[in-house]
2 protein chains.
Amino acid sequence: MQRRCGKKDNWWCGRFKGLGYKLTFSRQAVLDVLSNTDSHLSAEEIYQRVYKLAPKVGLSSVYRTLELLVEIGLVSKYDFGDRRSRYELGQGIQGDNHHHHLVCTGCGKVLNYTDFIDQELELLKKTEKALSKKYNFRITNHLIQFYGVCRRCSDGKTAGI
Amino acid sequence: MQRRCGKKDNWWCGRFKGLGYKLTFSRQAVLDVLSNTDSHLSAEEIYQRVYKLAPKVGLSSVYRTLELLVEIGLVSKYDFGDRRSRYELGQGIQGDNHHHHLVCTGCGKVLNYTDFIDQELELLKKTEKALSKKYNFRITNHLIQFYGVCRRCSDGKTAGI
DNA sequence: AATTATTTGCCATTCCTTTTCAAAGGTTAA
DNA sequence: TTAACCTTTGAAAAGGAATGGCAAATAATT
Ligand SMILES: [Mn+2]
Ligand SMILES: [Mn+2]
Ligand SMILES: [Zn+2]
Ligand SMILES: [Zn+2]
């Protein structure tokens, strides 16, 4: 449309082309949004941010791009209980930003944490190994979330996202 | 409608009444279904089983009952990635049937496992304690799921639930 | 049996997500 | 560059899980 894949020739260009996918304007836009946030955006929220940069990109394309990104492992998709999926750039276990989540059931706030992540990973590794053998599963990923009530919410304040 | 709360005066009767909820026919039916399965049923599936015993019970009531059961902690609600919530009788961490899940991303099959559950719980306890303090969360629950591909699915067979 | 607040059934409705399909885009080869 | 080819897109409609509204039914209590 305007620019080709290039721009800053991001690290994901290679991954895309290698798999035979075209690095289109829409996809680039979604990736740009995802790489410029540290929160867990919904498809709609991503769409709104994409809209500011590229109003012609449709919501369907955002959904389709997200689906693709999840499939090729560039993005993780989460359910935090607010009835819509939320997305985050990052490549599962092997990524350097691997972390788990702390979710407030009062206001929906989500925190990343990495405390004890090493010990967690050690235990997970052991568990994975045993489960793989016992249940004949090839384990590829895991999900850990803690649920609780944040300070603000337990102080009576009703809500607030 | 036919029978009152009684029947066999199940263990959940007390819990219900204690909280001021009426133990109605519909609710009893949902609980009956949940207590007679070891799989992770969706609302629709629960409704279909309830329908066989009590065709007059509506889908809304099933949803409302499930919501209530989750709220009072008798039932756990899960998202295994197939775009509908799934429910399981059991009371979180303190229950004697506490377990975690192994999900096949190919066919959607879900296994319960309890291997290493003691060590997991130990680590979780430690983590919870640290996170509580650090992030000012009162932690009430946790979720652990492993994702992988089951034998059948990795053997090429396409699907099968 | 009468009373009363709760709960239900049966819609319709909401809202996230997917599908459809013709038009536009990117990629490669001439 | 141009042409050919397959992929991807945008707009709109459809799908589908879950929820809301309301009069009628019901469980618990008197
Ligand atoms: Mn995160
Ligand atoms: Mn289970
Ligand atoms: Zn909160
Ligand atoms: Zn499978």
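FYI, it's all coordinate maths here, none of it is from the lab. From a predicted model like this one, the values you see are computed outputs, not experimental measurements. Cβ coordinates were reconstructed from backbone atoms using ideal geometry, including for glycine residues, and neighbour counts include every protein chain displayed.
See the values below:
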read-out	value
Ratio Rg/Rh [Cα only; Rh per Kirkwood] for chain B	1.02
Across the identical copies, how the B:Arg84 labels are spaced - nm, sorted shortest first, 7 Å along Cα→Cβ	2.3
Positive dipole terminus of the range B:99-161, leading residue within B:Leu143, B:Ser132, B:Tyr113 (C-beta point charges)	B:Ser132
Per-copy distances of the B:Arg152 label point, shortest first, in nm (7 angstrom along Cα→Cβ)	4.6
Neighbour-count ranking [beta-carbon atoms within 10 angstrom, fewest first] of B:Val62, B:Val70, A:Val33	B:Val70, A:Val33, B:Val62
Shortest-first nm distances, A:Lys126 label point to equivalent points in other copies (7 Å, Cα→Cβ)	1.0
Distance from the range A:86-152 to the range B:45-84 (C-alpha centre basis), Å	28
Computed log₁₀ I(q)/I(0) - Debye formula, equal Cα scatterers, no solvent, the protein assembly as shown, q 0.08, 0.13, 0.15 Å⁻¹	-0.45, -1.13, -1.38
Value of relative contact order over chain A, rounded to a whole percent, pairs C-alpha under 8 Å and six or more apart	16
Rounded to 5, the percent of DSSP beta bridges in the range A:99-161 classed as antiparallel	50
Global form of the range A:9-82, assessed from the alpha-carbon gyration tensor, a/c cut-off 1.5	oblate
Axis-nearest residue in chain B [Cβ, rotation onto A], distance in whole Å	B:Asp79, 2
Fewest-first ranking of A:Tyr47, B:Tyr51, B:Tyr87, using other Cβ atoms within 10 Å as the exposure measure	B:Tyr51, A:Tyr47, B:Tyr87
Dipole magnitude of the protein assembly as shown about its Cα centre (Cβ charges: Lys, Arg +1; Asp, Glu -1), debye to nearest 20	800
Helix-only mean residue ellipticity at 222 nm for chain A, each DSSP H run of n ≥ 4 adding -39500 (n - 2.57), per residue, nearest 500	-12500 deg cm²/dmol
Given charges at beta-carbon only (K, R positive; D, E negative), |dipole| of the range A:1-97 in Debye	560
Peptide B:127-134, shielding by other chains (average Cβ, 10 Å cutoff)	4
Relative exposure of A:Arg151, B:Arg152, A:Arg27, judged by other C-beta atoms within 10 Å (fewest first)	A:Arg151, B:Arg152, A:Arg27
Estimated translational D of the range A:99-161 in µm²/s (Stokes, Kirkwood radius over Cα pairs; 10 °C; 1.306 mPa s)	116
Rounded, prolate or oblate (a/c below 1.5 giving rounded, otherwise prolate when a/b exceeds b/c) for the range B:40-87 by Cα gyration tensor	oblate
